[in-house]
Amino acid sequence: MEKINMFCFGFGQVAKNFIKKINAKNVNIKLTVTSRENSDQKVFDGIKYDSFQFSQNSFDKSLIKNLEASNYILISIAPINGEDIVLKNFQNIFKANKFKWLTYLSATSVYGDHKGEWVDEKSNTHPTSLTGTQRLKAEKLWIELAENQNLPVQIFRLSGIYSHESNVLKRLRTGNAKIIKKENQFFSRIHVEDIAEVLLKSLGKFKAKEIYNISDDRPASSEEVVLYGSKLLNMDPPKVVDLQSIESEMVKDFYKDSKKVDNKKMKEIFNYKLKYPTYIEGLNNIHNNLI
């Protein structure tokens, strides 16, 4: 693989796992990222990189030189107050430069509620939540830019992400897990390592203006997952909570949707076999590696 000049808008767990995967291939990588913190030079996984301040209201102008020199772009910053702040601030740079690979990380919340039925990339998108609505708006803007400027954009619609850092086992151990009972409620999930592996695969097998669901093979209710986690930890499961008693509007929004996310396109196009095909393998691995 050629030298990669990667610019990551946002440097959270998905981006970090992705960079680790690239680095493990001994690829010569130049890395630039953005953060809400002050600009600085840092080291990650043995890679010395530039981190530039970027927030809704301001950014370090020095990042523009690095962005213009980059040929691979990962965007994992969610819309803020309805705006995609990457497009808002840097659209002209994306119009002027010839990039090789640009991936926008969206979410399966764009589908809205499908009453427990399967959805694929051709399914209707009618989001019920504000976040889903804003994600869909951003997707359309990126695809529009890709069509108008011949920009190599792909969109990954991510299901609920879990990892060693963020998972139901941790929530159970800290007393923050709940069972919220609702009939015919299905959610899809994806382990962060599988997201990173598919991103890595896409570097060598890229097609512009494509959308992919990034999800595992087993949609399940949150109750099912919490009960399995409790069993792994040999704990009594938390009490069942009525949805109407939940104060968090974000949680209530989450439970408006029920759908099973189809991942066939992802697996076929990228010839990918999931490392964690269901939450069972994923949670077992996390549990076996608990410190």
Open item on the list: I'd like to know how region 193-264 sits against the 2.2 N^0.38 Å rule of thumb: what's its Cα Rg over that expected value?
Closed with: 1.54
Task: Check: the chain dipole with +1 on Lys, Arg Cβ and -1 on Asp, Glu Cβ, in debye - done: 620 debye
Open item on the list: With just the Cα atoms defining each centre, how far is region 194-222 from region 1-70? Give it in Å.
Closed with: 21 Å
Open item on the list: Quick check: residue separation of Asn285 and Asp40 times 0.36 nm, minus the Cα distance between them. What number comes out in nm?
Closed with: 84.7 nm
- [ ] Residues in region 57-95, backbone N under 18 Å from the label point at Lys48 (7 Å along the Cα-to-beta-carbon vector): list them, ranges by number please.
- [x] 66
Open item on the list: Would you report the distance distribution of C-alpha pairs in region 121-187 as whole percents per 10 angstrom bin, up to the bin with the largest distance?
Closed with: 15, 32, 30, 17, 7
TODO: Any chance you could give the angle, 0 to 90 degrees and rounded to 10, that helix 85-96 forms with the longest Cα principal axis of the chain?
DONE: 40 degrees
Task: Gain upon complete extension [Ser248, Arg218; 0.36 nm per residue less C-alpha separation] - done: 8.1 nm
Open item on the list: Restricting to DSSP H runs of at least four residues, report the calculated mean residue ellipticity at 222 nm for the chain, -39500 (n - 2.57) per run over all residues, nearest 500 deg cm²/dmol.
Closed with: -10500 deg cm²/dmol
- [ ] Express in nm, to one decimal, how much length is gained between Lys137 and Asp236 on full extension, taking 0.36 nm for each residue of separation and deducting their alpha carbon distance.
- [x] 31.4 nm
- [ ] Return the sequence-ordered ³J(HN,Hα) values of region 278-286 in whole Hz as given by the Karplus equation 6.51 cos²θ - 1.76 cosθ + 1.60 applied to θ = phi - 60°, using x for Gly and Pro.
- [x] 9, 4, 5, 5, x, 5, 4, 5, 5
TODO: Could you work out the equivalent-ellipsoid semi-axes for region 142-268, taking the square root of 5 times each eigenvalue of the Cα gyration tensor, largest first, in whole Å?
DONE: 33, 17, 12
Open item on the list: Only Cα pairs within less than 10 Å get springs; with that Gaussian network setup on the chain, which residue of Ile190, Ile179, Ile73 has the largest fluctuation?
Closed with: Ile179
Open item on the list: Viscosity 1.002 mPa s, temperature 20 °C: give me the Stokes-Einstein translational D for the chain in µm²/s, with Rh taken as the Kirkwood radius over C-alpha pairs.
Closed with: 107 µm²/s
Task: Paramagnetic label zone (point 7 Å from Cα along Cα-to-C-beta, Arg173; backbone N under 20 Å) in region 273-291 - done: 279-291
Open item on the list: Using only Cα atoms and rounding to the nearest 10 degrees, what angle (0 to 90) does helix 222-233 make with the longest principal axis of the chain?
Closed with: 80 degrees
- [ ] Could I have the simple spin-label model distance between Asn23 and Asn92, label points 7 Å from Cα toward Cβ, reported in nm to one decimal?
- [x] 3.5 nm
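Every number here is computed from the coordinates shown, using simple stated rules; none is lab data. Just so it is clear, the structure is predicted and the values come from calculations on it, not from any experiment. Heads up, the Cβs are rebuilt from the backbone with ideal geometry, glycines too, and the neighbour counts pull from every protein chain shown.
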